[in-house]
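Notes to accompany the following structure.
Any read-out appearing in this document is the output of simple, stated calculations on the displayed coordinates, not a laboratory observation. Just so you know, these numbers come straight off a predicted model, no measurement behind them. Heads up, the Cβs are rebuilt from the backbone with ideal geometry, glycines too, and the neighbour counts pull from every protein chain shown.
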Amino acid sequence: MCTTARTVPDPELPKYKCHKVVQALKISKTVKNPNGSVSLFFEDKRFNSKTLEGSESDRFSGEPDLGYYVVYEDGYTTWSPTEAFEKGYTLKKEDEVGQV
């Protein structure tokens, strides 16, 4: 016997508000190196370029949006699209740096 399931749309997913503190730099340029690594250059010229290797470099290749290089408190690094990052985070003021 075959029964037809009634399709009911899923409810809207639960929403979460971010309350993490991350470190990040906006990327101005990426360079794919001959050895497969990727060098990141940042808009904030106070910071040197950073070269990523292996699977870490895969996140930074081929995107038209250069986005942000993000470092979480536990040391995990990732890439974030510009729009998503700028909607989700605001720069902490110097007097807020020690606060969560």
TODO: Taking the Cα centre of segment 23-90 as origin, sum charge times position over the Cβ atoms of Lys and Arg (+1) and Asp and Glu (-1), and report the length of that vector in debye to the nearest 20.
DONE: 300 debye
TODO: Read through the labelled values [x] 22, 15, 11; [y] 34, 23, 12; [z] 20, 15, 14 and report the label of the one computed as semi-axes √(5λ) of the Cα gyration tensor in Å from the structure.
DONE: [y]
- [ ] Taking the dipole about the Cα centre of segment 23-90, with the C-beta of Lys and Arg at +1 and of Asp and Glu at -1, give me whichever of V70, S37, A84 is farthest to the positive side.
- [x] S37
- [ ] Counting helices only, and only those DSSP H runs with n ≥ 4, report the 222 nm mean residue ellipticity of the chain as the sum of -39,500 (n - 2.57) divided by its residues, in deg cm²/dmol to the nearest 500.
- [x] -2500 deg cm²/dmol
Open item on the list: Just to be sure I understand: with springs between alpha-carbon atoms less than 10 Å apart, which residue in D65, D74, D44 has the highest mean-square fluctuation in the Gaussian network model of the chain?
Closed with: D74
TODO: Treating cross-link reach as a plain straight distance, find the lysines whose alpha-carbon is under 21 Å from the alpha-carbon of K26, omitting any fewer than eight places away in the same chain.
DONE: K45, K50, K87, K92, K93
